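Since the structure comes first, as structure tokens, the remarks are kept for the end.
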Amino acid sequence: MLVRQYSLQIASASTDAFFAALGDLVTALKGVEGFAGTELLRDNEDPDGYVFTERWISLDAYKDGAQQLPGTIFKSLMETLKAPPKAAFLTPVVF
């Protein structure tokens with residue numbers, strides 16, 4: 001399992017557009033082979049801060065899936081952000 005995490009700062013006036021654009025992205029992701037789900041978390045101390053995660057079965061699935069998504073989805077989402085997202089690849093650790 002691979003987790004792709006994005007730290008997002010939305011423009012305060014763009015909340016509705018942010019949720020609409022993120023909803024479009026999630027809908028598109030659901031049709032991609034190897035995609036395993038998403039989660040959105042809101043920062044308790046910063047109302048404009050969010051963490052969005054995508055779960056994939058592998059890094060190859062992520063790479064293949066990213067190629068299948070239309071660029072307009074990302075453009076719409078980026079327009080709602082204060083700055084480009086900070087992103088990381090994570091691997092779940094079970095102990």
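The values are calculated or read from the model by the stated rules, or taken from the named source; none is laboratory data. All of these numbers come straight from a predicted model, not from anything done at the bench. Note: ideal-geometry Cβ built from the backbone for every residue, glycine included; neighbour counts use all protein chains shown. Side chains are part of the model used for accessible areas, which takes the heavy atoms of the whole protein and leaves out ligands, DNA and RNA. Shrake-Rupley method; radii C 1.70, N 1.55, O 1.52, S 1.80 Å.
Figures for the structure shown
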| quantity | calculated |
| --- | --- |
| Cα-based reach from Lys63 at 16 Å (exclusive), listing lysines while leaving out same-chain residues under 8 positions away | Lys30 |
| Sorted largest first, extent of the chain alpha carbons per principal axis (Å) | 36, 35, 18 |
| In order through the range 58-68: 3J(HN,Hα) via Karplus (6.51 cos²θ - 1.76 cosθ + 1.60), integer Hz, x for Gly, Pro | 6, 5, 4, 4, 4, 4, 5, x, 4, 6, 8 |
| Percent carbon-and-sulfur accessible area, the chain, ignoring ligands, DNA and RNA, probe 1.4 Å | 55 |
| Relative contact order %, the range 30-95, counting alpha carbon pairs below 8 Å whose residues are six or more apart | 26 |
| Under 12 Å from the Cα of Lys75 - aspartates and glutamates, other chains or at least 8 residues apart | Asp24 |
| Length-normalised contact order for the range 3-55 - Cα pairs under 8 Å, 6+ apart - percent | 52 |
| In degrees, nearest ten, helix 15-29 long axis to first principal axis of the chain (Cα) | 10 |
| Structure-based [θ]222 nm, the chain - -39500 (n - 2.57) summed over DSSP H runs of at least 4, per residue, nearest 500 | -10500 deg cm²/dmol |
| Selection of GluC sites (Glu not before Pro), the range 39-81, meeting DSSP coil and at most 12 other Cβ within 10 Å | Glu45, Glu79 |
| DSSP-assigned coil residues among trypsin sites (Lys or Arg not before Pro) in the range 24-68, each with at most 16 further Cβ atoms within 10 Å | Lys30 |
| Amide H within-cut-off set for Ala11, under 5 Å, with H built and near neighbours excluded | Leu81, Lys82 |
